[in-house]
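Below is one structure, written out as structure tokens, with a few remarks after it.
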Amino acid sequence: MAETTSIKISPVNMESRKNLNIRSGDTLIVWQKIQEKGKTRLQAFEGLVLARKHGNEAGATFTVRKVASGVGVEKIFPLYSPIIDKIEIIKRSKVRRAKLYHIREKAAKEIKRQMRHSTMVNIKTVSDIEETNKKEQADKKSKEDELKQKEADIKNIKIEKSEKKVAEETGEIK
């Protein structure tokens, strides 16, 4: 008889990342885990999504561009990377192209004019750290409830025994 085991491909919640539906023209914050001297910290990268490639497959990527100190900075993030802690979509703009590479040459004023049909949204994934904390708290709560139930059961048994003893002494039970 063959034994089935669930295989976990990635430590990332792939369904929540797939359901984000990141598109070109979205303004988002990508929280990235950075290892420094044995410690892990989170660093935010906020910018405009220029391109989304490879759909929802395992190798899916998205390109984010921001202007830092007057210099344009672009990063290409793998969608299902465990290095990404969470993704927050801040604003969704209506754009006419799938790839917004032309924005590299445009002035900021023109870009704002082109994206006038934007709406504010607040969609985000759950942080891996927050998810594990919630699970730990739920486990702790269930253990505490179990312990309280056992204590109540023991107390009820003791009360029943003492009532039985009193009844025997008074001669009510034969």
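Summary of computed values
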{"item": "Listed residues 132, 167, 152: farthest to the positive end of the dipole of region 128-174 (Cβ charges)", "result": "167"}
{"item": "DSSP-assigned coil residues among GluC sites (Glu not before Pro) in region 121-174, each with at most 10 further Cβ atoms within 10 Å", "result": "172"}
{"item": "Charge context of residue 118, other residues only, Cβ under 11 angstrom, K/R +1, D/E -1", "result": "+4"}
{"item": "Residues with amide H under 5 Å from that of residue 118, placed H, sequence gap 5 or more", "result": "94"}
{"item": "Alpha-carbon spread of region 128-174, three principal axes, descending order, Å", "result": "64, 10, 6"}
{"item": "Region 14-126 - Debye-derived log10 I(q)/I(0), Cα point model, q = 0.15, 0.20, 0.22 Å⁻¹", "result": "-0.66, -1.13, -1.32"}
{"item": "DSSP-loop GluC sites (Glu not before Pro) across region 34-127, with at most 15 other Cβ within 10 angstrom", "result": "57, 105"}
{"item": "Residues 45, 62, 77, sorted so that the one with the fewest Cβ neighbours within 10 Å comes first", "result": "45, 77, 62"}
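Readers should treat all values here as calculations from the given coordinates under stated rules, not as data from a laboratory. Keep in mind that what you see is a predicted model, and the values were worked out from it rather than measured. Because the Cβ atoms are built from the backbone with ideal geometry, glycine has one as well, and the counts that use them run over all protein chains shown.
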